[in-house]
């Protein structure tokens, strides 16, 4: 395969004609993907060079395949703190291009520190497919390096770092997409549009059904594998001893233990909640806001290593009077109830991975259902409210880079969906009602709750405001 030109040679090739077309962006140092209007969508100058940060389960089965299928994108680098996984990721991508091109390909570079990947000026954009506690930090560093960003949800570990991330990325000019792929799924968009256009009357209550996680995990201390930079893997979170069930399998790509440890995430309230609460916000018209009151309960494990919530029910009130109920005892999906009927939307029997935990109704729920089947065939008129249309989430991000458009799931809305999930988690932990101001993003007259907006961080890995 012909060797790719470097970013520098590409810039030289573009010359003064391109500077005239995208001058402001180039002068400000933004990534140099040329708008399609300059040379056409298939021009060589529009090739988007991608670095994949994190090459574990979700990267291999979802994010890498999501971009590899586009011929105007090229995965040129991979990075993982586990050197075995980095090499596996490199091999996966090389084998894909070998098969596609019909001849041997070995053009992917493997990194073990994402900061070194970000220094590569040939990389235009990054996939962030790491554990949750690294999302915001890598996102900020990528934005400062002027790399476009596709980030796995949830957006952040805490509300405070999510606010910082949204502010910094929002000012950077890069194209950001959170991995809330339900925004690019027709039934979720249609359900939200029906609700926004009053097909069920005045919206009153939204029910969100999520999976839960069981207790378990082997807490026995183990030697740190030589192939894993464990201290950096812990990132900003406290230093604790290594055990495999706290991190990820050393053999294979099964569901990792970190998903079930509160040190690195909040459990399914953010794991699937970031998807379904985002859909709920779309139907409610609350994409850039949040609840004003939150309360609830949850069972937390008392033994074993894994300590995220199990059975739970939390509720929230929004300033438009709509109530939200979130629980793993509700069928997996989102049910909008109004004064004239209801609409239910779900993924049906679809799961992102076969190792995702199940939930009531996960394999039996309809993708779209309603109190009156005629609601589902209602046409949204030209002058009614319409959400942006996307039929492929990774493709929407790549096209936004190529065509200088706004992706369908931008950073502020990613932060608001995540922060709403974290508010439910805080209510679980406090076991009482809390009062939230979505404008200031602070709890009202509640110092204990406000302490939970952030967490203590190890300074080396904390986000710096500069």
Seminar exercise, completed: The lone condition residue 419 fails out of (1) out of contact with any helix residue (DSSP H, G or I) (no Cβ under 7 Å at 6 or more places or on another chain); (2) at pLDDT 95 or above is (1)
Problem set entry | Exclusive hit being in contact (Cβ under 8 Å) with a residue 24 or more places away in the chain, more than 16 Å from residue 344 (Cα to Cα), touching a strand residue (DSSP E or B) at 6+ places or on another chain (Cβ under 9 Å) and outside the structural domain of residue 83 (by TED's automatic domain parsing), set 320, 307, 332 | 320
Exercise. Within the stretch 239-264, can you find the residues that are crowded, with 22+ Cβ neighbours inside 10 Å, in a loop (DSSP other than H, G, I, E, B) and under 18 Å from the mean Cα position of the chain (by Cα)?
Worked result: 264
Problem set entry | Members of the stretch 429-462 that are under 17 Å from residue 164 (Cβ atoms), touching a strand residue (DSSP E or B) at 6+ places or on another chain (Cβ under 9 Å) and not in a loop (DSSP other than H, G, I, E, B) | 442, 450
For this session: For residue 103, state whether it is more than 22 Å from residue 176 (Cα to Cα) and without any contact (Cβ under 8 Å) to a residue 40 or more places away in the chain.
Result: no
Problem set entry | Cβ-Cβ under 6 Å pairs, at least 6 apart or on other chains, the stretch 201-214 side on the phi > 0 side of the Ramachandran plot and assigned by TED's automatic domain parsing to the domain that holds residue 286, far side outside any loop (DSSP other than H, G, I, E, B) and modelled with pLDDT of 95 or more | 201/338
For this session: Could you tell me which of the residues 431, 439, 464, 444 is over 24 Å from residue 140 (Cβ atoms), free of Cβ contacts under 8 Å to residues at least 40 places away in the same chain and either over 21 Å from the mean Cα position of the chain (by Cα) or in the same structural domain as residue 199 (by TED's automatic domain parsing) (or both)?
Result: 444
For this session: Pick out, from the stretch 56-134, the helices (runs of 4 or more DSSP H) lying fully within it that include 3 or more residues that are touching a strand residue (DSSP E or B) at 6+ places or on another chain (Cβ under 6 Å), surrounded by 21 or more Cβ atoms within 10 Å (Cβ to Cβ) and modelled with pLDDT of 95 or more.
Result: 83-101
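The values are calculated or read from the model by the stated rules, or taken from the named source; none is laboratory data. Every value quoted in this text rests on a predicted model; they were computed, and no experiment measured them. Positions of Cβ are generated from backbone atoms using ideal geometry, with glycine treated the same way; all protein chains shown enter the neighbour counts.
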